[in-house]
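Heads up, the thing below is written out as structure tokens.
The values are calculated or read from the model by the stated rules, or taken from the named source; none is laboratory data. A quick note: this is a predicted structure, and the numbers were derived from the prediction, not measured. Here the Cβ is made from the backbone with ideal geometry for all residues, glycine too, and neighbour counts use every protein chain on show.
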Amino acid sequence: MHRIAWVLRVVPMVVLIGASHAAAQADRVDLELVLAIDVSRSMDFGEQELQREGYAAAFRHAQVHSAIASGPLGRIAVTYVEWAGTDLQAVLVPWTIVASPADAFALESVSKLMKLVRCGERAA
């Protein structure tokens, strides 16, 4: 009886560990990249837009696509954050896998649609 109880406790853990390992393997990337823009009052809207456009332009560039593809796994994870000190941090693009030019263009399109944040206010 004790053996059955032990098996019923251990088998689900082994299955869970195996599933967790498979998920971790699926999420492996060559690089985890955080794109961050300072949206505090020390930055004007033009400076913030310049940063945003620079990020978008990078993801359109063929050399960036080649660099991503050249890694051992050929994929990176990217997140996009706007922040203004300890009181305001907004994750506008959660962790996203970029493994192809199409993924990069999709990320670039999302970044172009984002509105500027400035200490809790949105730009027009």
Are any residues in segment 57-76 part of a helix (DSSP H, G or I), aliphatic (A, V, I, L, M) and in contact with a helix residue (DSSP H, G or I) (Cβ under 6 Å, 6 or more places away or on another chain), and if so, which ones?
ALA58, VAL64
State which residue pairs qualify: first residue free of Cβ contacts under 8 Å to residues at least 40 places away in the same chain and closer than 20 Å to SER70 by Cα and inside segment 82-109, second residue assigned to a strand (DSSP E or B) and among the polar types (S, T, N, Q) in any location, beta carbons under 8 Å apart, and separation of 6 or more residues or different chains.
THR96/THR79; ASP103/THR96
Within segment 86-124, restricting to residues that are outside any loop (DSSP other than H, G, I, E, B), surrounded by 12 or more Cβ atoms within 10 Å (Cβ to Cβ) and of a type in the set (Ser, Thr, Tyr), the one that is modelled with the lowest pLDDT is SER111
For segment 24-35, indicate whether the set of residues that are more than 13 Å from VAL98 (Cα to Cα), part of a helix (DSSP H, G or I) and at pLDDT 85 or above is non-empty.
no
Would you check if there is a residue in segment 63-83 being surrounded by fewer than 14 Cβ atoms within 10 Å (Cβ to Cβ) and modelled with pLDDT under 90?
no
